[in-house]
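So the structure is just underneath, and the comments pick up after that.
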There are 2 protein chains.
Amino acid sequence: MSSNAQTPVSAGRPRSEEAHQAILDATLALLVEAGFSGLTVEGVATRAGVGKATIYRRWPSKLHLVIEAFRQLPGLAEVDTGDLVEDLEQMLGSYLRILNDTPLAAVMPSLAGERAHNPELSELIDPILRGRRKPVLRALERAVERGEVRDDLDLELVADLIFGPIAMRVFFAGARINPKLVRPAIELVLKGITPRAGASD
Amino acid sequence: MSSNAQTPVSAGRPRSEEAHQAILDATLALLVEAGFSGLTVEGVATRAGVGKATIYRRWPSKLHLVIEAFRQLPGLAEVDTGDLVEDLEQMLGSYLRILNDTPLAAVMPSLAGERAHNPELSELIDPILRGRRKPVLRALERAVERGEVRDDLDLELVADLIFGPIAMRVFFAGARINPKLVRPAIELVLKGITPRAGASD
DNA sequence: CCATTACGATACTAACCGTTCCGTTCAGGA
DNA sequence: TCCTGAACGGAACGGTTAGTATCGTAATGG
């Protein structure tokens, strides 16, 4: 515990940074092609052009490897323009771009499916997933403070309402999502949560 | 092809209907515990108290067995009261009861995750999933015809908006869903799609 | 009581996979 | 330049699984 735990100071052959990244890239690629249960460490090693020991020297198990590969994928970038519609539209717009341009959408269903039966995975991935919702939750909180949105709402429910349609397409269609759907979807949700809209109950 | 292909007319010992159901029950139970990739035919046979041959005599593969077990789970019952709010509330209310009372919620994430990488499963399960959305889509169509809802909407998007929050909880929380959330969720969505609510664009 | 089919059990095939072990390679300090 | 120690790739190990085949037994209908 004296000084540096990560930099091995000096001795021996240094680890190949090239191999490190090749392994993570191969992991994502195979996660897309075969999912968590179909991914094999052997396959990752072959595709990355390394030996299996090179993988196990860096990650203690297939699970930890997958988690780190997943963590490399970009998440939701926080936007704070002072206007909820604008915030949501920019955040979800760029999120859809991420879903369409990176392996995220292809990887998500498999990990969610595994999560349900794998407590160890659940424990590792749940905090990451919670963190990725945060920008939307914070945007909603700011909107409540500004009086832009009713203050009697369950914001978690509203967030699920916003992410829900995206999840439906990602999980059951697996298709690219048309960014043009963002605006109508946001509008539909917002009409329900703005204060002036019908104050029925 | 003369007369009956299913009823073996006469000869030999008849198949045990008891074993048949025990196999399907065991399949669902193991699907809940271990998911699709963790389910083994050997495990099903053991839990059902039958031999593996008895399973393979009925279903050509693990995949077909799982599909039939899944098909046994109840779906969305159609409701037509003449009022959209009432239709949705009754349908979603009973659907939540199904999710909470049957293995459906526990089974769904695993199958959706597998679906993304298994074309054969996708081909078998997609029609079933599409069929289960239908009652909500039809309720929306009737509401459009009655003028209860704007007629310029993408009803598939609205259906995703309705199922979305449920999916979010099933896929990422895995917890029971509080039925009290149905009404506020429906109301939030409906405020966006009723004609009198703000006619902004 | 016989032909026929299903039954549970078991063993077998052929494959596959997560993890560890081993002989070799290589960068940096002496 | 040589030596050390960790990293390397590949081979080996231990365990598992879908699906098939075969057993002796049990239950039908004729």
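Every number in this text was worked out from the coordinates using simple rules, so none of it is lab data. Since the structure is predicted, the reported quantities are computational estimates derived from the model, not experimental observations. Every residue, glycine among them, receives a Cβ derived from its backbone with ideal geometry; neighbour counts consider all protein chains shown.
Tell me, please, whether a residue that is more than 16 Å from DNA strand D (Cβ to nearest atom), crowded, with 17+ Cβ neighbours inside 10 Å and part of a loop (DSSP other than H, G, I, E, B) can be found in the range B:49-60.
no
Condition test on B:Glu42, is it within 10 Å of DNA strand C (Cβ to nearest atom), within 23 Å of A:Ser37 (Cα to Cα), among the acidic types (Asp, Glu) and free of Cβ contacts under 8 Å to residues at least 24 places away in the same chain?
yes
Say we look at the range B:46-70 and pick out the residues that are within 7 Å of DNA strand C (Cβ to nearest atom) and among the small types (Gly, Ala, Ser); which of these is nearest to the other protein chains (Cβ to nearest Cβ)?
Checked the range B:46-70; the qualifying residue nearest to the other protein chains (Cβ to nearest Cβ) is B:Gly49.
Can you tell me which of (1) within 15 Å of DNA strand D (Cβ to nearest atom); (2) crowded, with 17+ Cβ neighbours inside 10 Å is the one A:Gly35 doesn't meet?
It is condition (1) that A:Gly35 fails.
Every residue in the range A:90-122 that is farther than 22 Å from A:Ala159 by Cβ and of a type in the set (D, E, K, R), please.
A:Asp101, A:Glu114, A:Glu120
Given the criterion touching a helix residue (DSSP H, G or I) at 6+ places or on another chain (Cβ under 9 Å) and outside any helix (DSSP H, G or I), identify the matching residue among A:Ile186, A:Ile177.
It is A:Ile177.
Looking only at the range B:10-22, how many residues end up being more than 13 Å from DNA strand D (Cβ to nearest atom) and either in contact (Cβ under 8 Å) with a residue 12 or more places away in the chain or within 14 Å of chain A (Cβ to nearest Cβ) (or both)?
Matching residues across the range B:10-22 total 2.
Which residue, of A:Leu31, A:Leu65, is more than 23 Å from A:Gly174 (Cβ to Cβ), part of a helix (DSSP H, G or I) and not charged (D, E, K, R)?
Checking each option against the conditions leaves just A:Leu65.
Just to verify a result, which residue in the range B:79-102, among those that are in a helix (DSSP H, G or I) and among the charged types (D, E, K, R), is surrounded by the fewest Cβ atoms within 10 Å (Cβ to Cβ)?
B:Asp101
Within 14 Å of chain A (Cβ to nearest Cβ) and free of Cβ contacts under 8 Å to residues at least 40 places away in the same chain - does that describe any residue in the range B:84-91?
No, there is no match, as no residue in the range B:84-91 is within 14 Å of chain A (Cβ to nearest Cβ) and free of Cβ contacts under 8 Å to residues at least 40 places away in the same chain.
In the range B:127-138, is there at least one residue being away from chain A (no Cβ under 14 Å), more than 27 Å from B:Gly174 (Cα to Cα) and in contact (Cβ under 8 Å) with a residue 12 or more places away in the chain?
Yes, the range B:127-138 contains a residue that is away from chain A (no Cβ under 14 Å), more than 27 Å from B:Gly174 (Cα to Cα) and in contact (Cβ under 8 Å) with a residue 12 or more places away in the chain.
Within the set of pairs 6 or more residues apart or between chains, which connect a residue that is within 16 Å of A:Val32 (Cβ to Cβ) and more than 9 Å from chain B (Cβ to nearest Cβ) inside the range A:169-183 to a residue that is buried (at least 20 other Cβ atoms within 10 Å of the Cβ) and of a type in the set (Lys, Arg) with Cβ atoms less than 9 Å apart?
A:Ala175/A:Arg169; A:Arg176/A:Arg169
Out of A:Asp87, A:Asp25, A:Asp80, I need the residue that is acidic (Asp, Glu), closer than 30 Å to B:Ser122 by Cα and away from DNA strand C (no atom under 16 Å from the Cβ). Which one?
A:Asp25
Can you name the residue in the range A:124-171 that is in a helix (DSSP H, G or I) and among the basic types (Lys, Arg) and is also surrounded by the fewest Cβ atoms within 10 Å (Cβ to Cβ) among such residues?
Checking each candidate, the answer is A:Arg130.
Among the numbered conditions (1) in a helix (DSSP H, G or I); (2) more than 11 Å from DNA strand D (Cβ to nearest atom); (3) without any contact (Cβ under 8 Å) to a residue 12 or more places away in the chain; (4) within 14 Å of chain A (Cβ to nearest Cβ), tell me where B:Ala105 comes up short.
Every listed condition holds for B:Ala105 apart from (3).
Taking the condition within 14 Å of another protein chain (Cβ to nearest Cβ) and crowded, with 16+ Cβ neighbours inside 10 Å, does B:Glu114 pass? Spell out the reasoning first.
Details: within 14 Å of another protein chain (Cβ to nearest Cβ): yes; crowded, with 16+ Cβ neighbours inside 10 Å: yes.
So B:Glu114 fits the description; yes.
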